[in-house]
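Heads up: the structure comes next, in structure tokens.
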């Protein structure tokens, strides 16, 4: 039986969310595999076993238990942020010759960075918000930012997979605080113009029969936007299927497939949109979307009529077959 190493945790503010996602996956793992969680922390990676923390070697892709060395055969990365969602562990597994079922290192890194991803997609005619990119707090004056983008606008860490550090700025005097907050989470920041419309999100993955787009979820939040509290603390309505006409739903599905193909993604992805005058604008591409019991993709799968176990069985079948080609 193949041993799957499920990499979870990570170095971002969403460490605990990653552990919850990993637990849901382990509770519904495909038959025919053995799975072991690998907690990725900056002080050292380990396999939790009761009260013990068994060191995991990134050199040998193995750990020792009861006098036996166990080497993983397959990787599944479920870290929301660095060093998983940005492709670093994928690159490590590539170098070690360990197959995995995620998007590859390049696709993960490109999708992870909000600025570079949207710039890439816009070159292919995919609608995105107008934006500015900042490598430092003083890259642009406040006047320049406001003249270019207007108010309200969104300030986000560009190179962070976390929901932390994002602000909606409605008053000019709040801009600097928003920039400071974003730079605490990431090394680069993107500022985006406000898109007014209906927010929807689409789960998409590869099945043996081709790309599958899941029922759309409409996001109606009590907050200014779909932030951490709205996502994880119940301060939003997540309506599946979304209350939009079939023609607009089909358009979102079509754009989702185009984005998935352009970025050469694998496994599950969730693509967030704002519908502006019925035109889907991409907000963000998530290659490691939340998978806890409260997360969106499991909700979509439920409406779609597919069990989580059957879903991951399809993922493993398709993605491991592609690794062998």
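The values are calculated or read from the model by the stated rules, or taken from the named source; none is laboratory data. Note that the coordinates shown come from a computational prediction; the quantities given were computed from them, not determined experimentally. Here the Cβ is made from the backbone with ideal geometry for all residues, glycine too, and neighbour counts use every protein chain on show.
Taking region 201-219, which residues are in contact with a helix residue (DSSP H, G or I) (Cβ under 7 Å, 6 or more places away or on another chain), farther than 17 Å from residue 248 by Cα and either without any contact (Cβ under 8 Å) to a residue 12 or more places away in the chain or not in a strand (DSSP E or B) (or both)?
Taking region 201-219 and keeping what is in contact with a helix residue (DSSP H, G or I) (Cβ under 7 Å, 6 or more places away or on another chain), we get 201-208, 211, 213-217.
If we keep only those that are farther than 17 Å from residue 248 by Cα too, we end up with 205-208, 211.
Scanning region 201-219 gives a single hit, 208.
Could you grab me the full set of residues in region 16-44 that are without any contact (Cβ under 8 Å) to a residue 24 or more places away in the chain and buried (at least 18 other Cβ atoms within 10 Å of the Cβ)?
19 - this is the single residue of region 16-44 that is without any contact (Cβ under 8 Å) to a residue 24 or more places away in the chain and buried (at least 18 other Cβ atoms within 10 Å of the Cβ).
Only residues that are over 18 Å from residue 19 (Cα atoms) and in contact with a strand residue (DSSP E or B) (Cβ under 8 Å, 6 or more places away or on another chain): list them for region 82-100, please.
The answer is 90, 93, 98, 99, 100.
Condition first: touching a strand residue (DSSP E or B) at 6+ places or on another chain (Cβ under 7 Å), part of a loop (DSSP other than H, G, I, E, B), surrounded by 16 or more Cβ atoms within 10 Å (Cβ to Cβ) and modelled with pLDDT under 90. Now tell me which residues in region 220-251 satisfy that.
225, 226, listed by residue number.
Which one of these does residue 195 not meet: (1) touching a strand residue (DSSP E or B) at 6+ places or on another chain (Cβ under 6 Å); (2) closer than 22 Å to residue 281 by Cα; (3) surrounded by 21 or more Cβ atoms within 10 Å (Cβ to Cβ)?
Evaluating residue 195 over (1) touching a strand residue (DSSP E or B) at 6+ places or on another chain (Cβ under 6 Å); (2) closer than 22 Å to residue 281 by Cα; (3) surrounded by 21 or more Cβ atoms within 10 Å (Cβ to Cβ) leaves (3) as the failure.
Go through region 292-323 and give me each residue that's at pLDDT below 95 and part of a loop (DSSP other than H, G, I, E, B).
Listed by number, the residues that qualify are 292, 293, 294, 295.
If you go through region 260-270 one residue at a time, do you hit one that is at pLDDT 95 or above, in a strand (DSSP E or B), touching a strand residue (DSSP E or B) at 6+ places or on another chain (Cβ under 6 Å) and crowded, with 16+ Cβ neighbours inside 10 Å? Let's see the steps before the verdict.
As a first pass, look at region 260-270 and keep what is at pLDDT 95 or above: 260-270.
Now narrow it down to the ones that are in a strand (DSSP E or B): 269-270.
Restricting the remaining residues to those that are touching a strand residue (DSSP E or B) at 6+ places or on another chain (Cβ under 6 Å) gives 269-270.
Now restrict to residues that are crowded, with 16+ Cβ neighbours inside 10 Å: 269-270.
Scanning region 260-270 turns up at least one residue that is at pLDDT 95 or above, in a strand (DSSP E or B), touching a strand residue (DSSP E or B) at 6+ places or on another chain (Cβ under 6 Å) and crowded, with 16+ Cβ neighbours inside 10 Å.
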